[in-house]
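Single-structure report; data block below.
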């Protein structure tokens, strides 16, 4: 759980460092498609493995990925003098003392650099680009929707249509297969033709549609149809990440900042939607609408969609300085 958020973030930053801007959205889509295919394979494998074997296989695959990374992947940083996050051009931190770092690391040249930028520095980064700020808002409400749906959907479907674990697994496999095909086949074609901003809006629009369809499901097969909308709504995350990667310098990816905002949404989302789901599935509901919490999740998606319509792609930042001579790392 400690590294769950950092691994996708670093993978996206690595791809952004090694793929030209014109092909970056397609590359992010392919990366997400491979992750979706792994998700499908993982769900299918659990049908043939015991509970104990599942954890053993997962640990073995994690070790294999670590070995592969160390053997085949080369560090994308060319300059051996690592740039410290949020440092001034003189190499001194903008803030004072504890506000900037919790520990110091001695570099090869004997220089020390800080590793924990403050909240003020993150706000400075977001203010450096209007597009980046808009993408941060989209990321927040998209993650609020994603975790809120996961926190509520299973309870809702079990109470509404008496779904069991096999039906939940079938839905996840359908969604994963549709998303994999879309990201590996459709996205490399649509991203250059439509552009990241338009494709992001398309993905978020169908995100709203599929969530609202869950909320008004009138029979057991409707959730399966809604799951197939992953063919279109999976465009959102790769396009958003591609837009973010183009708003900072090549060595200053802001993926970590966006991932932090998404993680904050992941924390508060269950606190909002889980009690709301429990309330409207109980006899104490103010009115009869079992899918009301799911519809509220859809409203969060709608906010992200409306914000995405306002995004206007600006030229990438040519300089490495983004705010008051500050440098921003992943």
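Can you tell me the order of 219-225, 199-205 when each peptide is scored by its average per-residue count of other Cβ atoms within 10 angstrom, highest first?
On the way: 219-225: 13.6, 199-205: 24.6.
Averaged packing, sorted descending, gives the order 199-205, 219-225.
What are the semi-axes of the equivalent ellipsoid of the range 111-213, taken as the square roots of 5 times the eigenvalues of the Cα gyration tensor, listed largest first and rounded to whole Å?
33, 21, 14
Projected area of the range 158-241, taken from the Cα convex hull and averaged over every viewing direction, in nm²? Could the numbers behind the result be given before it?
Details: hull surface 22.0 nm².
Mean projected area of the Cα convex hull: 5.5 nm².
Using packing as a proxy for protection, rank 66-72, 290-296, 277-283 so that the peptide with the highest average count of other Cβ atoms within 10 Å comes first. List each step's numbers first, then the result.
Numbers: 66-72: 9.1, 290-296: 21.3, 277-283: 15.7.
Highest mean packing first, the order is 290-296, 277-283, 66-72.
Going by C-beta contacts inside 10 Å, put 146, 196, 120 in order with the fewest on the left.
On the way: 146 21, 196 26, 120 13.
If I rank by nearby Cβ atoms, fewest first, I get 120, 146, 196.
Using the reciprocal of the averaged 1/r over all distinct C-alpha pairs, how large is the Kirkwood radius of the range 133-180 in Å?
Kirkwood radius, the range 133-180: 12.3 Å.
Report the percentage of all Cα-Cα pairs in the range 146-293 whose separation exceeds 24 Å, rounded to a whole percent.
Within the range 146-293, distances greater than 24 Å cover 42 percent of Cα pairs.
What FRET efficiency would be calculated for the residue pair residue 299, residue 168, taking the C-beta separation as r and a Förster radius of 25 Å, to the nearest 0.05?
Details: r = 24 Å, r/R0 = 0.97.
Plugging the Cβ-Cβ distance into 1/(1 + (r/R0)^6) gives 0.55.
Any read-out appearing in this document is the output of simple, stated calculations on the displayed coordinates, not a laboratory observation. For clarity, every value in this text was computed on a predicted model and none was experimentally measured. Heads up, the Cβs are rebuilt from the backbone with ideal geometry, glycines too, and the neighbour counts pull from every protein chain shown.
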